[in-house]
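Please see the structure below; I have some questions.
Coordinate-derived values only; no laboratory data. All values reported here derive from a predicted model rather than from experimental measurement. Neighbour counts are summed over all protein chains in view; Cβ atoms, including those assigned to glycine, are modelled from backbone coordinates with ideal geometry.
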Amino acid sequence: EDELLSAIEICELEELKDRLDVVVGRGGAGLSDGQKQRINLARAVLDKPYVIILDEALSAVDSKTESRIFRNLYRHFPEATFIVISHRLSTIMYCDRIVVMDEGRIVGQGTHEELMKTNKTYKDLVEKQVITEK
């Protein structure tokens, strides 16, 4: 049970803690898309994986919640390898290495700071996202 509660905390699912015994309808009826994504992630977290591949895994939650979840994941699984596919700055900016792709080609790689200085494609994406989030 402690592991389940830890997964709930990591994935920001506290609002469902009192409803753990509820039967969910087909396709997750009654749950938001963000709740479905966080539940799927919590199920993966329970396996304590060494490699975690996340492809737009939290696209249905707001960027602040997503950022908190990723910080939780990195803190609880410091030895794990994360492969994260995302368009959101809040998701990727803390990654050790970011690979920038444009039209299917790798056009840059490095840390957030390095790419902001050296990669126009990355810098443009970041600036557009910052403007959009305001």
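Taking the Cα centre of the chain as the origin and placing charges on Cβ (Lys, Arg +1; Asp, Glu -1), which of GLY34, MET101, SER59 is farthest toward the positive end of the dipole?
Of the candidates, MET101 comes out farthest on the positive side.
To continue, here is another question. Figure the gain on full extension for VAL24 and PHE82 (residue separation times 0.36 nm, minus the Cα-Cα span) and round it to one decimal in nm. Before the final figure, lay out the partial values.
Values: separation 58, 0.36 × 58 = 20.88 nm, distance 2.93 nm.
Residue separation times 0.36 nm, minus the Cα-Cα distance, leaves 17.9 nm.
Which residues does the label zone of GLU9 cover in the range 54-93, counting backbone N under 18 Å from a point 7 Å along Cα→Cβ?
Inside the label zone: 68-79.
Taking the Cα centre of the chain as origin, sum charge times position over the Cβ atoms of Lys and Arg (+1) and Asp and Glu (-1), and report the length of that vector in debye to the nearest 20.
Numbers: 19 positive and 24 negative charges, 77 e Å.
Roughly 380 debye, rounded to the nearest 20.
Rank MET116, MET101, MET93 by mean-square fluctuation in a GNM of the chain with C-alpha springs under 10 angstrom and give only the top-ranked residue.
The residue with the greatest mean-square fluctuation here is MET101.
Viscosity 1.306 mPa s, temperature 10 °C: Stokes-Einstein D of the range 1-126 from its Kirkwood Cα radius, in µm² per second? Display every interim value, and only then the final one.
On the way: Rh = 15.9 Å.
So the translational diffusion coefficient is about 100 µm²/s.
Explain nothing, just the number: relative contact order of the chain, from Cα pairs under 8 Å at least 6 residues apart, as a whole percent. Before the final figure, lay out the partial values.
On the way: 124 pairs, mean separation 23.8, N = 134.
It rounds to 18 percent for the chain.
Then there's this: May I ask for the longest run of the chain untouched by GluC sites (Glu not before Pro) that are loop-located per DSSP and have at most 16 neighbouring C-beta atoms (other than their own) within 10 Å? The partial results should precede the final answer.
Numbers: sites that count: GLU1, GLU56, GLU79, GLU103.
Longest stretch, sites excluded: 2-55.
Report, to the nearest 10°, how far helix 120-133 tilts away from the longest principal axis of the Cα atoms in the chain, using its own Cα long axis and a range of 0 to 90°.
50
With springs only between Cα atoms under 10 Å apart, run a GNM on the chain and tell me which of LEU20, LEU54, LEU31 wobbles the most.
Among LEU20, LEU54, LEU31, the largest mean-square fluctuation in the Gaussian network model of the chain belongs to LEU20.
Sticking with this structure for a sec: Around VAL107, which amide H atoms from residues at least 5 apart in sequence, or from another chain, sit under 5 Å from its own amide H, with H modelled in the peptide plane?
Those lying under 5 Å, H to H, from VAL107 are VAL100, MET101, ASP102.
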